[in-house]
Every structure is written in structure tokens, then in C-alpha cells.
Amino acid sequence: MRIAIGSDKSGFYLKEAILKHLLEKGYEVDDFGTKSFENGIPYFEVAPVVAKKVQSGEYERGILICGTGMGMAVVANKYKGVYAAVVESVYAAAKCRAINNANILTMGGWMIADIMALEMVDAFLNTEFTHGLEEWRQVFLKNACKKVAESENGTFGNLGGV
């Protein structure tokens, strides 16, 4: 699985821990964000890069970290087909995949400790859409995804979020 990752200055140290973890697990990961604490890139410049990489299909999943995770999610969700979820627990990281088919995980470097973040990342990457849900709920959620995609056409028009 190819993963695009990025952070601003506030998420730099957490991003570094996650990046190391993912590389040790054998994932193909590219860092599109801040490379040093001293030279931070603003969240509103990092999030579009990762969102476009996921939107295009070049990367299957994305991970974005800022101070709270919220700024990254707001910006990433401006792109058609990108579903960025702010999570603060392992449970939410798994459910954003199983229920919402999120393809970008966002979290806060000010809010999440390294150990918890690594568990959240693993849950996000190892959970598939509708995993572990009752059959009726799987059918409902797959239909819901179609409706959400249809609504994007009205929201994004012909721009595709770009």
C-alpha cells in the first residue's frame, strides 16, 4: 500500500514517529510535508498536496497531522473523492474506515501521544470499508457511499476539487 503523509510544524514530531513506524512495517510512504521543525510548511499548503495524491489514486491512503488535525481535514475535504477524518482514538480510526470509507486520516500533534497515534494508524490501515459490520449495514453503507459520491457532483461540479 502506498501512503502519502504530511504535517505542518505542529504535527512534525508525531509525523516523524508515524513515518518511522510505517517504514519499519514495510509500507511505501512518501512525505509531502514539513521536513524539519525549524522550517514548517503551513497546513493549508501540505493538505492539498496529499489530498491530490490520494484523489488521483497515486496513493491509496493519506495521513495528515497538524496541531488538532482539524485544519488538515477541512482543507483535504475540499477535493472530490477525498474523505478525511479527524480521529482521536483507535476506535474512531477503525470506524472512519469501516463506516465512512475515509481515505485520509488526520490527527493532532498537540493532542495524540506517539503510542496511541501508532495504534490509530494501524487501525486505519488495517480496516477495510464495511469490515466487521452486519450484512444489512454493509448494504446500507455501500449505497450511502454512492449517494455521497452523487452529492459531490453538485458540490464540486466539473472542477473535481482541483
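Every residue in the range 123-151 that is more than 26 Å from Ala47 (Cβ to Cβ), touching a helix residue (DSSP H, G or I) at 6+ places or on another chain (Cβ under 8 Å) and of a type outside the set (A, V, I, L, M), please.
Thr130, His131, Gly132
Is it the case that Val54 is buried (at least 17 other Cβ atoms within 10 Å of the Cβ) and in a helix (DSSP H, G or I)?
It is true that Val54 is buried (at least 17 other Cβ atoms within 10 Å of the Cβ) and in a helix (DSSP H, G or I).
Each row is one residue, and each column tells you yes or no for (1) in contact with a Pro (Cβ under 6 Å, 6 or more places away or on another chain); (2) of a type in the set (Gly, Ala, Ser); (3) at pLDDT 95 or above; (4) in a helix (DSSP H, G or I).
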position: Ile5; (1), (2), (3), (4): no, no, yes, no
position: Ser10; (1), (2), (3), (4): no, yes, yes, yes
position: Leu14; (1), (2), (3), (4): no, no, yes, yes
position: Ala17; (1), (2), (3), (4): no, yes, yes, yes
position: His21; (1), (2), (3), (4): no, no, yes, yes
position: Gly33; (1), (2), (3), (4): no, yes, no, no
position: Glu38; (1), (2), (3), (4): no, no, no, yes
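Of the numbered conditions (1) surrounded by 19 or more Cβ atoms within 10 Å (Cβ to Cβ); (2) touching a helix residue (DSSP H, G or I) at 6+ places or on another chain (Cβ under 7 Å); (3) over 18 Å from Val87 (Cα atoms), Ile65 satisfies every one except a single condition; which is it?
(3)
Looking only at the range 76-117, count how many residues are aromatic (Phe, Trp, Tyr) and crowded, with 21+ Cβ neighbours inside 10 Å.
Selection size over the range 76-117: 1.
Please determine whether any residue of the range 122-135 is hydrophobic (A, V, I, L, M, F, W, C), farther than 28 Å from Phe32 by Cα and modelled with pLDDT under 95.
Looking for residues that are hydrophobic (A, V, I, L, M, F, W, C), farther than 28 Å from Phe32 by Cα and modelled with pLDDT under 95, one finds at least one in the range 122-135, hence yes.
Check Asn103 against each of (1) modelled with pLDDT of 95 or more; (2) polar (S, T, N, Q); (3) farther than 21 Å from Asp30 by Cβ and name the one condition it does not meet.
(3)
Here is a check on your reading of the model: is Met120 within 20 Å of Val46 (Cβ to Cβ), out of contact with any Phe, Trp or Tyr (no Cβ under 7 Å at 6 or more places or on another chain) and either surrounded by fewer than 24 Cβ atoms within 10 Å (Cβ to Cβ) or basic (Lys, Arg) (or both)?
no
The values are calculated or read from the model by the stated rules, or taken from the named source; none is laboratory data. In this text the structure is predicted, and so the values were computed from the model without any measurement. Using ideal geometry, Cβ is built from the backbone for each residue, glycine included, and neighbour counts are taken over all protein chains shown.
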